Amino acid sequence: MTALRKILLASVALTMSSAAFAQDVTVLRIGLDGGENEADQLRRSECVAEPLKAATGVSEVQFFPSPDYNGIIQGLLGGTIDIAIMGASSYAAIYLQDPEAVDPVLTTQQEDGSTGYHTIMVARQDSGITDLASTKGKKLGFADPDSTSGYLVPNVALPAELGAPIAEFYSETGFGGGHENLVLGVLDGTWDVGTTFGSGQGDFAEGYTSGNLRIMVDKGLLDMDDLVEVWQSPIIPNGPLMVSNKLPAEMKDKVTAFFKGLPEADFACFDAFTAGGYTNFVDANVDMYQTIIDARKSVIGG
């Protein structure tokens, strides 16, 4: 066999192998981060399974809840998770380890057209804490080390506003085990003050229009009269819906098109999947998150 014939045969085999790989995607795996309890995550997300199967031709859509953000980050890096919607810092963690692992294809949009939200620092209403100055010497709880609003942004923005490093200003810091648990920890006194997230739009008394506080209010877990807002961060870009680059390009396109069309096709499902308060999915790209990538590299290192 001539060398040229070997090359041609190898090329044909590679092409056939690639085509077979594209056809062999029979399962799509969606990661659910640890922002709230597993049962509620699954309940909110299950509506996408059947229409996503129909749109992509796969035979099964599986959901993988994780008790923390890092479980989904590692799944996306390792190729065991195909799709996830997470905060910008989680995307930055992935990008800093492997810029080619995922693409941030879409993000959520509020009614006014904005695509951002805020860290909301809260304390118990009866704690006597009313502003940042009155949090000095208190116990500060963060949501999760991979949370944008619950850890990264406060660590970037707070020292300048406090006039001191966080470790010096507070008597103790730690993690609450996700946003929902963090707020519950503030309510039960585990933490004097804690960082969670919200749109900053609408009424604080209702938990704002979207975010963890509103989710907890809607689930009957929180009465906003029990909390006071202590601090609100500068605006943070809404987190991306990420699709693994281990999927064939055609499948990635189908997944992206499905989610982009979901608000119009089934708004109730879109509203549930994104935890409420948003009106649409819009296109996203890495440039939207460069500031967060740089901040994470500076504060956490990857």
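The values are calculated or read from the model by the stated rules, or taken from the named source; none is laboratory data. What you see is a predicted model; the values in this text were computed from it and never measured. Cβ sites come from the backbone with ideal geometry, for glycine too, and all protein chains shown count toward neighbours. For accessibility, only protein heavy atoms count, side chains too; no ligands or nucleic acids. Shrake-Rupley method; radii C 1.70, N 1.55, O 1.52, S 1.80 Å.
Per-structure values
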read-out: With Cα atoms, 0 to 90° folded angle of helix 88-97 axis to the chain main axis; value: 50
read-out: Accessible area, probe 1.4 Å, largest first, for residues 44, 214; value: 214, 44
read-out: Selection from 249, 282, 155 lying farthest towards where the dipole of the chain points positive, charges on Cβ; value: 249
read-out: Top positive-direction residue, dipole computed over region 94-179 with Cβ charges, set 96, 108, 127; value: 127
read-out: Assigned charges on the beta-carbon of Lys, Arg, Asp, Glu; the chain dipole about Cα centre (debye); value: 1220
read-out: Where 179, 118 fall by accessible area, highest first, once all protein chains stay in place (1.4 Å); value: 118, 179
read-out: Computed accessible area, residue 287, all protein chains, 1.4 angstrom probe, square angstrom; value: 120
read-out: Residue 147 accessible area, assembled protein chains, probe 1.4 Å, Å²; value: 0
read-out: Accessible area in the full protein assembly, largest first, 1.4 Å probe, for 136, 254, 53; value: 136, 254, 53
read-out: Net charge contributed by nearby residues that have their C-beta within less than 10 Å of residue 40 (K/R +1, D/E -1); value: 0
read-out: Cross-link reach list, lysines versus residue 136, counting only Cα pairs under 20 Å and skipping chain neighbours closer than eight places; value: none
read-out: Descending semi-axes in Å of region 46-115, equivalent ellipsoid built from Cα gyration tensor; value: 21, 19, 12
read-out: Of 219/254; 53/246; 219/260, those spanning more than 29 Å from alpha-carbon to alpha-carbon; value: 219/254
read-out: Sum of -39500 (n - 2.57) over DSSP H runs of 4+, divided by residues of the chain (222 nm, nearest 500); value: -12000 deg cm²/dmol
read-out: Per residue value of the accessible surface for the chain (all protein chains in place, 1.4 Å probe), Å²; value: 44
read-out: Dipole moment magnitude, nearest 20 debye, region 61-212 about Cα centre, only Lys, Arg, Asp, Glu C-beta charged; value: 340
read-out: For region 187-259, average projected area of the Cα convex hull in nm²; value: 7.4
read-out: Of all accessible heavy-atom area on the chain, the percent that carbon and sulfur account for (1.4 Å); value: 51
read-out: Between 0 and 90°, nearest 10: helix 69-78 axis offset from the chain longest Cα axis; value: 20
